[in-house]
Amino acid sequence: MKNKYSIFSLIKNALSGHENWQRAWRDPEPKKEYDTIIVGGGGHGLATAYYLAKKHNMTNIAVVEKGWIGGGNTGRNTTIIRSNYLWDASAALYDHALKIWEGLSQELNYNVMFSQRGVMNLAHNLQDVRDLKRRTHANRLNGIDAVWLNNEEVKKFCPIINTSSNIRYPVLGGTLQKRAGTARHDAVAWGYARGADAMGVDIIQNCEVKGIKRNGDKVEGIETTKGFIKSKKIGVVAAGHSSVLANMAGIRLPLESKPLQALVSEPVKPIIDTVVMSNAVHAYVSQSDKGELVIGAGTDDYVSYTQKGSHNIAEGTLKAILELYPIFSRMKMLRQWGGIVDICPDASPILSKTQIKGLYFNCGWGTGGFKATPGSGDLFAHTIANDEPHKLNAAFNLNRFVSGDLVDEHGAAAVAH
Amino acid sequence: MFIINCPYCGKRDQVEFSCGGEAHIERPKQPTELSDDQWAEYLFMRKNIKGVQFERWNHTHGCRKWFNMVRDTSNDKIHATYKMGEKPPIK
């Protein structure tokens, strides 16, 4: 049993020089067989294992991760959480996640630093204004908080934005979701890992999957760098590498993997207390608790598995940031990185069974998977445990590419993909 | 970010080009006879290879011609570029 984190455990450990903290999760060797194996130890994979154990009483589970947990896109995103999606299916999916976020730190006994500081999306032309107003109405019909702000209200909400009419793409207004915000991305992976481990889930790091063994139309297990592990149920949550794993199982996915880029600046005093996203000029900015500006840039438009991102993409975003926030003109960027995002043709995720019995895929989150972490884990656990999707992820099946029943969030989701 | 050897113009910066995705996907010869599964395969399913991949590129801000490229997506190294209709120089 894990020690509970509390003010008392903090005092106790402070008195002993912080040398006696229990380790947060074990480092087990893989068993020969598990009831379920989750491939990919990012936020979504760990959350899946956590909810399988917690809600479906399946504890003979392994999470296998080729690197270290949370070392992929979980640690590479800009931590934005919101649910203001246009279509009903997406709104329900992302708001399910947002509701879990609201109680997650308490549930996990781990501070994920969820901060509902609001997310504002700016409109820069008349079509933006029409689209964003339409989305605001759609959100409210779905019970999601959303308001339209005019130019002066935008300025009042975030005074450092240049709202004058003489810039190249003037701010004509924006939408605000107040329940939206940010969280500490590493803490999400660590909190879920600690919670899952406490219920008996084996988290196996530095264990790369080399093959998925099939017997006809059923899965039998995985070949890994730590040997063969048997399992009748395998849930693949491998983000940018989903196609690589699908190829091992002999199935095809409608994904393209591209580098998505982000940057952080040197830390400064608090200057922006919300998240501002601008679709049209592609500039997203928020400020971390350390004081760094966290800036999201775009994806390269070609398939690549290099976690870099092109210089011209970052340059384009920084130009837009400078025009919108002249106060940042002397900021220095400290770090820049890329994460490999798996993008679906309709910019919506896949949480689905496959034509192979016992093989499930959770992928296609593209540029916006972090916000969905708790909901994705919950719904994917339901799908694996019952061999049937939950009603909230039923629309996000793989078969939609055959039936044509796409959830087209390209351009509709308040973000340019 | 890399330098691309356009088969028509020679070496140019990658920002001049745009990627048109996976190459050598043949348009169905009898579209009216295709099943939904076959349409999904043609329209949506992609190899998305980590490693050597064949792609279509367009020299958007140059000659505006389409051509093919063999590129390793794990390190962005370009092995070859060749004109549309030519056989890939590498298997």
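The values are calculated or read from the model by the stated rules, or taken from the named source; none is laboratory data. It should be emphasised that the depicted structure is a prediction, and the values quoted were computed from it without experimental measurement. Note: ideal-geometry Cβ built from the backbone for every residue, glycine included; neighbour counts use all protein chains shown.
A few notes on this one:
- Residue in the range A:33-46 that is surrounded by fewer than 22 Cβ atoms within 10 Å (Cβ to Cβ) and on the phi < 0 side of the Ramachandran plot present: yes
- Residue check, A:Gly67 over 14 Å from the mean Cα position of the chain (by Cα), of a type in the set (Gly, Ala, Ser) and under 26 Å from A:Val201 (Cα atoms): yes
- A single entry from A:Asp95, A:Asp131 fulfils the requirement of being under 19 Å from the mean Cα position of the chain (by Cα), surrounded by 17 or more Cβ atoms within 10 Å (Cβ to Cβ) and among the charged types (D, E, K, R): A:Asp95.
- Across the range B:45-84, the number of residues qualifying as facing another protein chain (nearest Cβ under 10 Å), in contact with a Pro (Cβ under 9 Å, 6 or more places away or on another chain) and outside any loop (DSSP other than H, G, I, E, B) comes to 1.
- Filtering the range B:10-41 to residues that are more than 10 Å from chain A (Cβ to nearest Cβ), surrounded by 14 or more Cβ atoms within 10 Å (Cβ to Cβ), in contact with a Lys or Arg (Cβ under 9 Å, 6 or more places away or on another chain) and not small (Gly, Ala, Ser) leaves only B:Ile25.
- Selection within the range A:290-308 - hydrophobic (A, V, I, L, M, F, W, C) and facing chain B (nearest Cβ under 7 Å): A:Val303
- Unmet requirement for B:Lys87, which otherwise passes all of (1) exposed (fewer than 15 other Cβ atoms within 10 Å of the Cβ); (2) out of contact with any His (no Cβ under 9 Å at 6 or more places or on another chain); (3) at pLDDT 95 or above; (4) not in a strand (DSSP E or B): (3)
- Selection count, the range A:346-365, where residues are modelled with pLDDT of 95 or more and under 18 Å from the mean Cα position of the chain (by Cα): 10
- Of the residues contained in the range A:268-283, none is found to be in contact with a Lys or Arg (Cβ under 9 Å, 6 or more places away or on another chain) and basic (Lys, Arg).
- Residue list for the range A:351-382, restricted to those being β-branched (Val, Ile, Thr) and surrounded by fewer than 23 Cβ atoms within 10 Å (Cβ to Cβ): A:Thr354, A:Ile356, A:Thr367
- Within the range A:279-300, tally of residues that are over 18 Å from the mean Cα position of the chain (by Cα) and outside any strand (DSSP E or B): 8
- Residue match in the range B:25-43 (condition: of a type in the set (D, E, K, R), free of Cβ contacts under 8 Å to residues at least 40 places away in the same chain and assigned to a strand (DSSP E or B)): no
- Among the residues of the range A:274-283, the ones that are within 18 Å of A:Leu149 (Cα to Cα) and either surrounded by 22 or more Cβ atoms within 10 Å (Cβ to Cβ) or of a type in the set (S, T, N, Q) (or both) come to 6 in all.
- Selection of first residues in the range A:334-349 that are among the basic types (Lys, Arg) and of second residues that are in a strand (DSSP E or B), restricted to Cβ pairs under 8 Å at least 6 apart or on distinct chains, gives the following pairs, ordered by first then second residue: A:Arg335/A:Leu263; A:Arg335/A:Val264.
- Within the range A:301-315, the set of residues being more than 16 Å from A:Met331 (Cα to Cα) and assigned to a helix (DSSP H, G or I) comprises A:His311, A:Asn312, A:Ile313.
- When the range A:20-76 is filtered for residues that are of a type in the set (Val, Ile, Thr) and under 17 Å from A:Lys233 (Cβ atoms), the ones remaining, listed by number, are A:Thr36, A:Ile37, A:Ile38, A:Val39, A:Thr48, A:Thr59, A:Ile61, A:Val63, A:Val64.
- Among the candidates A:Asp289, A:Asp273, A:Asp300, the residue that is in contact with a strand residue (DSSP E or B) (Cβ under 6 Å, 6 or more places away or on another chain) and at negative phi is uniquely A:Asp300.
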